Amino acid sequence: MKLTAQQVNNICKGDEEIAGYFHALLAIVDQQAKRIEVLEKRVHELEPQLSQNSNNSSKPPSSDGLRKPTNLRTPGGKKGAPKGHAGTTLHFVDEPNEIVVHELLTCLYFVKLISKKKSCIFPHRYHGYFFHMDLQKLGSVSFR
């Protein structure tokens, strides 16, 4: 909106100081309007570039970025084994074929002798893991 000097004086009721501020503000508004027009033109030029990728332009696939293309196939069926399938699971063995004992004389984390301390066994899969009772609270694991 362009205002003439006469209209500004009518709005300011003849006060020259207010009219000066008013003209300065109008000049700033005009500068911003010109800048907005330039920026909108630039955005209008750049928007088509954003919609281009390696499928619809001569750009290489490496310029597509890290985002994966959307899969247009709809997943069909349920995941996993079919209903009624017998399935197999590893179970604990009551009598293992072989028992291997891993012995340590010192704790690797705290460099203490552990040969005279009590230990307890926790069976896990097909191995018996031993945890030293005193060091278990501190998170150190030793096999014996």
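A few notes on this one:
- Residues located in the range 54-68, provided they are exposed (fewer than 10 other Cβ atoms within 10 Å of the Cβ) and either part of a loop (DSSP other than H, G, I, E, B) or in contact (Cβ under 8 Å) with a residue 24 or more places away in the chain (or both): Asn55, Asn56, Ser58, Pro60, Gly65, Leu66, Arg67, Lys68
- Test: Glu40 is within 25 Å of Leu3 (Cα to Cα) and in a helix (DSSP H, G or I): yes
- Criterion (out of contact with any Phe, Trp or Tyr (no Cβ under 8 Å at 6 or more places or on another chain), at pLDDT 75 or above and within 30 Å of Lys2 (Cα to Cα)) met by exactly one of Ala33, Ala86, Ala81: Ala33
The values are calculated or read from the model by the stated rules, or taken from the named source; none is laboratory data. If you're wondering where the values come from, they're calculated on a predicted model, not measured in any experiment. We place every Cβ from the backbone using ideal geometry, glycine too, and count neighbours over all the protein chains shown.
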